[in-house]
Amino acid sequence: MSIIVCSLSRVPEIIIARKPSRVVSLLDPETVFPDAARHGVARHLKLKVHDIIDPFPGDVPPAAEHVKELLEFVSDWDRSDCVLVHCYAGISRSTASAYTIACALNPQADEGAIARSLRQASPTAWPNKRIISLADAELGREGRMTRAIAAIGHGLLGDDIDIAAPFEIPSRYDAR
């Protein structure tokens, strides 16, 4: 099945419509996390991180332990159903995490092909560079993930785009 990405505001409707077996939430520590269990999802990873690239006083930057938690959370996902990944806007933390999941579950796949599928699915995706860099190191991709995301460029944003439309990417990719 697929990896679905959405904003916080769309989580309940996506859970009801698609019935994912797991939900990954990446939200600021002060934001109230959705209650996935209320909608029948027993596996819910809640990562309390701010959407920042460089450390900032008072904020919680994505860290290696967050990436490790994400990878552990999806390590036994059999892909017979979908997984839902969200952040506040569905643009940065969630897209970086969806890309990380796809790369982790497809170790022989080309990082660029996965990045291009992300861009094709979402013109607004702007993956958090810190999460990508940490995942690249954790997965031993030797900079390939970071370069692939740089190659697709940042997402389209504007005054009228502050929440991304939900999208999905495959959970399986062919080997290079």
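Here, each number is a calculation from the coordinates, and none is a lab measurement. Values in this document were obtained by computation on a predicted structure and should not be read as measured data. Here the Cβ positions follow ideal geometry from the backbone for every residue, glycine too, while neighbour counts run over all protein chains shown.
Of note:
- Value of [θ]222 nm, deg cm²/dmol, for the chain, DSSP H segments ≥ 4, -39500 (n - 2.57) each, nearest 500: -10500 deg cm²/dmol
- Förster-model FRET efficiency, 30 Å R0, GLU65 and ASP35, C-beta, rounded to 0.05: 0.80
- Shape of the range 1-109, Cα gyration tensor, a/c cut at 1.5: oblate
- For the range 2-170, averaging the sequence separation of C-alpha pairs within contact (under 8 Å, six or more residues apart) and dividing by the residue count gives a relative contact order of 30 percent.
- Note that the range 26-31 has calculated 3J(HN,Hα) couplings of 10, 9, 4, x, 8, 7 Hz, one per residue in order, obtained from phi through the Karplus relation 6.51 cos²θ - 1.76 cosθ + 1.60 (θ = phi - 60°); glycine and proline are x.
- DSSP-loop GluC sites (Glu not before Pro) across the range 108-176, with at most 13 other Cβ within 10 angstrom: GLU142
- Averaging 1/r over each pair of different alpha-carbon atoms in the range 95-173 and inverting the result gives 12.5 Å, the Kirkwood hydrodynamic radius.
- Charge tally around ASP81: other residues with Cβ under 10 Å, Lys/Arg +1 each, Asp/Glu -1 each, net +3.
- Rounded FRET efficiency, nearest 0.05, which uses the C-beta distance separating ASP81 from ALA150 and R0 of 30 Å: 0.40
- Among the GluC sites (Glu not before Pro) in the range 1-79, those located in a DSSP loop and surrounded by at most 15 other Cβ atoms within 10 Å of their own Cβ are GLU30.
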